[in-house]
1. Tell me the residue from 357, 326 that is at pLDDT 90 or above and either of a type in the set (Gly, Ala, Ser) or touching an Asp or Glu at 6+ places or on another chain (Cβ under 6 Å) (or both), please.
2. Tell me which of these residue 289 doesn't satisfy, since it passes every other one: (1) open to solvent by 40 Å² or more (accessible area, probe 1.4 Å); (2) over 16 Å from the mean Cα position of the chain (by Cα).
3. Does any residue in segment 249-264 that is polar (S, T, N, Q) come within less than 7 Å, Cβ to Cβ, of a residue that is modelled with pLDDT of 85 or more and assigned to a helix (DSSP H, G or I) six or more places away or on a different chain, and which pairs are these?
4. Would you point out which residue out of 284, 327, 297 is part of a helix (DSSP H, G or I) and over 15 Å from the mean Cα position of the chain (by Cα)?
5. Consider residue 412 against the criteria (1) open to solvent by 50 Å² or more (accessible area, probe 1.4 Å); (2) closer than 26 Å to residue 324 by Cα; (3) of a type outside the set (A, V, I, L, M): it satisfies all of them except one. Which criterion is unmet?
6. Confirm whether residue 311 is open to solvent by less than 50 Å² (accessible area, probe 1.4 Å) and more than 20 Å from residue 105 (Cα to Cα).
7. Could you identify the single residue in 405, 396 that is open to solvent by less than 20 Å² (accessible area, probe 1.4 Å) and in contact with an Asp or Glu (Cβ under 7 Å, 6 or more places away or on another chain)?
8. Any idea which residue in segment 256-271 is modelled with the highest pLDDT, counting only those that are of a type in the set (D, E, K, R) and in a loop (DSSP other than H, G, I, E, B)?
Amino acid sequence: MGSVTNGLEVVSDDQCLRVASNLASVANVAPHAAISRMVEDLGLAEGARMPREGVPGAAPVVPDHDAARTVALSVHTQLFPSAEADSGEYYLLNAAPCLPPDLSADLGLVDVTLPPESVSAEPGEAATEKQLNRVIRRLRPELLKRFGAGGHTVPGYTMYTSLHPRVCDHCNCLILDYEYFTYNRSDVAGLDSIEYDLCLQCAHTEDPSALRFPVPKLKRTSVPQIERVTCWKGETGDVQFERPVIRTPLNPDVLRFPRPHVDVRKGTNGECQSDIALCQEAARELQNTIIPEFIERVNSLSFVPDAPADLLAEMHAAGINTRYLARIAEESTQPHICEMVVREMLSQVVCVLLRDALAFVAENDELSFADKVDRSRSVSIRYLNEIFGANGEREGAKEAWAYMGSLSVQKFGYKLDRDVLGKVFLPGCVRSICTSIGLVLDTEVEFDFSVEAPFTADDIVRLGCVLTQMRRPDEISETSVALSRAADLDTK
């Protein structure tokens, strides 16, 4: 399934549609109507026939402004059958178009680092072409799969904050606080044992004469730390450690093909009035709830990453994109977290620079394989020395840092310059870069970053290839290079 005419027509078959519908259900993506463009918009005469470019043997397309196709995923999704005939397996060439856009910048929740002159469309209206070209940032699938407009809990689930929950004997409600009042009298001759629990709310607000026991006679009790677990238990006994919300699907083509207002209102029980308003609510939840809660976990040391990879994995699990690393660096109160985050941002921009340089070498058909290996070694060493060498006044070093500074602003909204080298753990940064691009350095060498050229060609043990995703050999094509570069802009 996909479109080779920029949404003019969606090409698919029945089996492909079933696979796409299953993917959409898992990803919490809303089906929507993709309406063909008007003939006049395409600059074609009435009745003109347009060939379906890229679809061998297919009949020409006759543009029809009345035609519409309901699609489960985005019209830009490219879903293809496996090379094995009749296997029933499909694969995504690029999953990014399946995800709705992150409208945080349009809401003013983040700094706009892309062209600022573009403006948001009114709710429900088609976006301008300028806006469509600007919005390349998408929400993560981890956020989508648990997003619900209004945040309503699935009926039948009850929240508990303790392994041994208590009920207030005055209001008959579960005690969710970690502190409460209790009165406990064991069996005494002629007297029955009594257990009486009172929540803080009732203790502070109720008339003392209405309470069974006066507060001064009660003992203030705390839930042991080991028993403090927040979970939701369903009527059938299943337990969820994340609040189960009534999920609300988002439209990945919201800026080009928004759904009718009545469908959105019905699907959200009146919480949102338009598709764009729904995506804006998801952006607000990310910026105002998810990211602050993650930063609080980091600052309180309830989560302590051992390496940048641990931090990124936890961010992604929470639904936070890599591009928000700068916000974590700015709001974190833990120095080691700030250093780790800045080091990771530096590693990522250096990786982009090196991958582009190595891609040019690999794509040079005039070089033999041996020459490409030698050229790749020299290119890698030259760039590493220009970036990490002590002499920052060389023309090559200035050009490299100018590019990296521009890219870091575009990618993270954070300006990187040479001063950052004195603030991060350089050996760890270099090892992270080399792992990402498949460059293996001699582990016995201790690099001296106080000299002009800390690296030599002899330090390279091996040049390898890194595949960021699992692919069958017959599915790897030259498109992988373009997708790898796109992934570096964090459009995933």
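The values are calculated or read from the model by the stated rules, or taken from the named source; none is laboratory data. Given the structure is predicted, the values throughout are model-derived calculations rather than measurements. All Cβ positions, glycine included, derive from the backbone under ideal geometry; neighbour counts span all protein chains shown. Remember, those area values only see protein heavy atoms, side chains included, never the ligands or the DNA or RNA. Shrake-Rupley method; radii C 1.70, N 1.55, O 1.52, S 1.80 Å.
1. Values: 357 fails: at pLDDT 90 or above.
Only one candidate passes the filter, namely 326.
2. (2)
3. Correct list of pairs: 251/275.
4. 297
5. Going through (1) open to solvent by 50 Å² or more (accessible area, probe 1.4 Å); (2) closer than 26 Å to residue 324 by Cα; (3) of a type outside the set (A, V, I, L, M) one by one, residue 412 breaks only (1).
6. Spelling it out, residue 311 is indeed open to solvent by less than 50 Å² (accessible area, probe 1.4 Å) and more than 20 Å from residue 105 (Cα to Cα).
7. Values: 396 fails: open to solvent by less than 20 Å² (accessible area, probe 1.4 Å).
Exactly one residue qualifies, and that residue is 405.
8. Start the filter on segment 256-271 by keeping residues that are of a type in the set (D, E, K, R), which leaves 256, 259, 263, 265-266, 271.
Checking the rest, the ones that are also in a loop (DSSP other than H, G, I, E, B) come to 256, 259, 271.
Values: 256: 80, 259: 86, 271: 82.
Restricting to residues being of a type in the set (D, E, K, R) and in a loop (DSSP other than H, G, I, E, B), the top hit is 259.
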